[in-house]
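Enquirer: Questions regarding the structure given below will be posed in turn.
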Amino acid sequence: MLKFLLLLLVLGGAGAGLYFYRGELVRAVAPQAPLAGSPTRLKDRRVPGFSLPGLVGQGFEARDLLAAKKPMVIKFWGSWSPAVILEYPILLELQASRVEMWSIVFRDTRTRALNYLERNGNPYARTAFDTAGRVASDWGVRDVPVTFVLDGDGVVRWHFTGPLTQEVVDRQLRPVLERYAP
């Protein structure tokens with residue numbers, strides 16, 4: 001019995017989604033629930049006040065986001081994150097389809113972030129540099145990548161923690177952008 005409990009603990013802890021039923025190994029299949037983004041304390045609130053210098057060119061501040069008049073994506077990222085690398089092709093596709101994306105570099109050095117954009121391309125219209133991590137903290141960001149969608153008045157309408165996938169973009173991000181398009 002102890003071996004069985006240990007096996008269940010290992011399998012459950014590893015997220016294998018397997019269990020035994022009548023002595024057979026069975027794959028657990030979770031029901032397909034609609035994707036709903038990630039919870040955030042900023043949902044349906046205006047972005048907190050801030051002003052950040054630019055990584056490349058002009059930085060931005062909360063006032064710029066409040067005056068945008070169109071929905072936009074705000075990405076928090078760092079070149080050190082493997083998850084950021086995973087989602088990068090999707091960001092380039094979003095850029096090609098004219099999605100307005102601004103970004104904030106988090107927990108990174110200016111040199112590494114610039115090298116990353118030079119090497120991989122820059123999908124962002126504007127990129128700010130959060131040296132102290134204060135703005136990220138105000139937005140509830142602890143790790144990257146994190147994606148926010150703002151409506152045209154700077155109100156957070158959607159939030160996602162983790163790398164964007166094509167499914168998340170198609171089923172969630174694009175519909176939110178379309179809902180708030182002028």
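Laboratory data are not the source of any read-out in this text; all were calculated from the coordinates shown. Please read all numbers here as calculations on a predicted model, not as lab measurements. Don't worry about glycine lacking a Cβ; one is built from the backbone with ideal geometry, like all the others, and counts go over all protein chains shown.
Enquirer: So who's got an amide H within less than 5 Å of the one on residue 60, skipping anything under 5 residues away but keeping other chains? H placed 1.01 Å off N, in plane.
Expert: Residues meeting the amide H criterion: 52.
Enquirer: Suppose a student asked you for the relative contact order of the range 51-179, using Cα pairs under 8 Å spaced at least 6 residues apart; what percent would you report?
Expert: RCO, the range 51-179: 34 percent.
Enquirer: Collect residues whose amide H, placed 1.01 Å from N in the peptide plane, falls under 5 Å from the amide H of residue 100; neighbours closer than 5 in sequence don't count.
Expert: Sorted by chain and number, the residues that satisfy this are 73.
Enquirer: Could I ask something else about it? Which distance in Å, rounded to a whole number, links the C-alpha centroids of the range 95-111 and the range 45-59?
Expert: Computed from Cα coordinates, the inter-centre distance equals 12 Å.
Enquirer: Please work out the ratio of the alpha-carbon Rg of the range 51-179 to 2.2 N^0.38 Å and round it to two decimals.
Expert: 0.96
Enquirer: Pulled fully out, how much extra length does the chain show between residue 92 and residue 80, if you take 0.36 nm times their separation in residues and subtract their Cα-Cα distance?
Expert: 2.5 nm
Enquirer: Starting from the 7 Å offset along Cα-to-Cβ, what nm value, one decimal, do you get for the label separation of residue 181 and residue 165?
Expert: 2.5 nm
Enquirer: Using Stokes-Einstein with the Kirkwood hydrodynamic radius over Cα pairs, what translational diffusion coefficient do you get for the range 107-167 at 20 °C and a viscosity of 1.002 mPa s, in µm²/s rounded to a whole number?
Expert: Reported coefficient: 160 µm²/s.
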